[in-house]
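Notes follow the structure.
The values are calculated or read from the model by the stated rules, or taken from the named source; none is laboratory data. Not measured: the values here are computed from a predicted model. Glycine also receives a Cβ, built like all others from the backbone with ideal geometry; neighbour counts cover every protein chain displayed. Surface accessibility is based on the protein's heavy atoms, side chains included, excluding ligands, DNA and RNA. Shrake-Rupley method; radii C 1.70, N 1.55, O 1.52, S 1.80 Å.
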Amino acid sequence: MRAFVVTKYKEPLREAEVAEPTVGEGDVLVQVQAAGLNQLDEKIRLGEFKQILPYKLQLILGNDVAGTVLQVGSKVRGFKPGDEVYGRPDKDRIGTFAERIAVAEDDLALKPASASMEEAGSLPLVALTAWQALVEHGNVRPGQKVLIHAGAGGVGSIAVQLAKHLGATVATTASGSNAGFVRDLGADVVIDYRTQDFEQLLSGYDLVLDSLGGENLEKSLRILKPGGKTIGISGPPDPAFAREAGLNPALRLAITVLSTKIRRHARKLGVSYEFLFMRASGDQLRQIASLVDDGVLRPIVGKVFSFDQTPEALQYLTEGGIRGKAVVALSN
Ligand SMILES: NC(=O)c1ccc[n+]([C@@H]2O[C@H](COP(=O)([O-])OP(=O)(O)OC[C@H]3O[C@@H](n4cnc5c(N)ncnc54)[C@H](OP(=O)(O)O)[C@@H]3O)[C@@H](O)[C@H]2O)c1
């Protein structure tokens, strides 16, 4: 089958003819119809994740899938051929930039019935990230104040909607040209990050979802109320993540050192910092699908590329300017 692969880190993504996926007893074979593109794909291609995700090359890239079930393993109970599904495969089994992929049953859900394949394919990684940040780690409650950075981006456009649904007052950062767009998603306060300094404008926040890191992360800690929390998805990774990921002692030590400054800064302010690396979850995708079908969450597909254009699409993503998500659509 056709697929787009990384043969050597930093080299352009290239098309290859690869073997058909092996379908294990707990796996579902999916005919890929749409695959969302993520910054993670580009970071993997560049080798930035090779310590944490030590993939064996050649690697089929791609972290999001929507498509139709072709076949199921002997122990699969939740899906049957013909079902329309979506998912983010486990981090060790990615490879959605391909005609077919075998995904563990637990990592898949029926796609939202009201969503197109492109819309469903845009959701898994970013919607799971938003869910795990705001529901699992953030425990957002009605009346709380939540800042979502980069509200017009892939993660941000879903996180703004989810935080609003959870009852929070939502602030977000975006370019001025995206102010109307993020207000439509539910943002109560919009800050143009190009001309305004959010640290000067916001205070007393319960939670920040930071997707930028660096100075943005430090400033985010300073707008929290005592006991507030910043969840970082662009790093630095923290010791809890290193422990849960089962990393070797040398890497764990390196990660502890990397995050020492920000954790110390948080402690001095009486707030906390947590790093989140999202994980696959079919259960959470089922809840997300309900919210989409109830009209609570709207998938935002800013641009659709053909399968042939996958390498260009990845390049396009890194240049910015897409509202919501870029998606590769396969016609098969
Ligand atoms: N740890 C995890 O599990 C995890 C999961 C998902 C994503 N991530 C990471 O999170 C980051 C965001 O991912 P994404 O998919 O949302 O990326 P994305 O869709 O490419 O985000 C682009 C958005 O960033 C905004 N932006 C750029 N500079 C900004 C600034 N200084 N302040 C506020 N907004 C700014 C842009 O806003 P305008 O267009 O309005 O200018 C644009 O909408 C990436 O680094 C990704 O790797 C991590």
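Are any of the pairs Lys10/Lys303; Lys91/Lys303; Lys225/Lys303; Lys50/Lys325 more than 28 Å apart by Cα-Cα distance, and if so, which?
Correct reply: Lys225/Lys303.
To the nearest ten degrees, helix 310-319 and the longest principal axis of the Cα atoms of the chain are 10 degrees apart. Legend: P(r) of the range 126-275 from all alpha carbon pair distances, 5 Å bins from 0, whole percents, reading 2, 11, 20, 23, 20, 13, 7, 4, 1, 0. Summarise the long-distance tail of P(r) for the range 167-208 by giving the % of C-alpha pairs beyond 17 Å. Here the tail beyond 17 Å accounts for 28 percent of pairs.
Annotation: the range 40-133 has a Kirkwood hydrodynamic radius of 14.1 angstrom, from the mean reciprocal C-alpha pair distance. Across all Cα pairs in the range 107-164, the calculated P(r) in 5 Å bins from zero up to the longest distance comes to 4, 19, 26, 24, 15, 10, 3 percent per bin. Near Gly62, the amide H atoms lying under 5 Å from its own belong to Gly95, Thr96, Phe97; only residues 5 or more places off or on other chains count, and H is placed 1.01 Å from N.
A 1.4 Å probe run over the range 126-275, with the rest of the protein chains in place, finds 42 Å² accessible per residue. Taking Asp41, Asp188 and ordering them by how much accessible surface each has at a 1.4 Å probe, largest first, produces Asp188, Asp41.
Mind pulling the angle between the C-alpha long axis of helix 249-269 and the longest principal axis of the chain? Nearest 10 degrees, somewhere in 0 to 90. That works out to roughly 30 degrees.
Based on Cα contacts under 8 Å between residues 6+ apart, the range 126-275 shows a relative contact order of 18 percent. Ordering Ala150, Ser175, Val140 by the projection of their Cα atoms onto the charge dipole of the range 126-275, which places +1 on the Cβ of Lys and Arg and -1 on the Cβ of Asp and Glu, puts Val140 at the extreme positive end.
Here each label is just a point 7 Å from Cα along the line to Cβ, and for Thr195 and Leu251 those points are 4.5 nm apart. Think of the chain as having a plus end and a minus end, set by charges on the Cβ of Lys, Arg, Asp and Glu; of Phe241, Gln71, Thr7, Phe241 sits farthest toward the positive end of this dipole.
Sorted by packing (mean other beta-carbon atoms within 10 Å per residue), highest first, where do 140-151, 310-321, 215-226 land?
140-151, 215-226, 310-321
Other residues lying with their Cβ under 10 Å from the Cβ of Ile158 contribute a combined charge of +2, Lys and Arg counting +1, Asp and Glu -1. Using Stokes-Einstein with the Kirkwood hydrodynamic radius over Cα pairs, what translational diffusion coefficient do you get for the range 5-82 at 10 °C and a viscosity of 1.306 mPa s, in µm²/s rounded to a whole number? The Stokes-Einstein estimate is 112 µm²/s.
Annotation: the range 223-319 has a Kirkwood hydrodynamic radius of 17.0 angstrom, from the mean reciprocal C-alpha pair distance. Between Ala130, Leu207, Gln161, the Cα set farthest toward the positive side of the dipole of the range 126-275 (charges on each charged residue's Cβ, about the Cα centre) is that of Leu207. Across the protein chains, with a 1.4 Å probe defining accessible surface, the residues Val85, Val304 rank Val304, Val85 from largest area downward. Taken about its Cα centre, the chain carries a charge dipole of roughly 1080 debye when the Cβ of each Lys and Arg holds +1 and the Cβ of each Asp and Glu holds -1.
What the Kirkwood sum gives for the chain is a hydrodynamic radius of 20.2 Å, with every pair of different alpha carbons counted. What translational D, rounded to a whole number of µm²/s, comes out for the range 187-226 from Stokes-Einstein when the hydrodynamic radius is the Kirkwood one over Cα pairs, at 20 °C and 1.002 mPa s? D = 201 µm²/s. In this structure the amide hydrogen of Arg100, modeled in the peptide plane, comes within under 5 Å of the amide hydrogens of Val32, none closer than 5 places in sequence on its chain. Surface calculation, 1.4 Å probe, protein heavy atoms: Phe79 sits at approximately 20 Å² accessible. Residues in the range 217-223 carry Karplus couplings, in order, of 5, 4, 5, 4, 4, 7, 9 Hz; the curve used is 6.51 cos²θ - 1.76 cosθ + 1.60 with θ = phi - 60°, and Gly or Pro positions show x.
Computed about its Cα centre, the charge dipole of the range 158-317 is approximately 640 debye, with only Lys, Arg, Asp and Glu carrying charge at their Cβ.
Of the solvent-accessible surface of the chain, computed with a 1.4 Å probe and all protein chains present, 49% belongs to carbon and sulfur.
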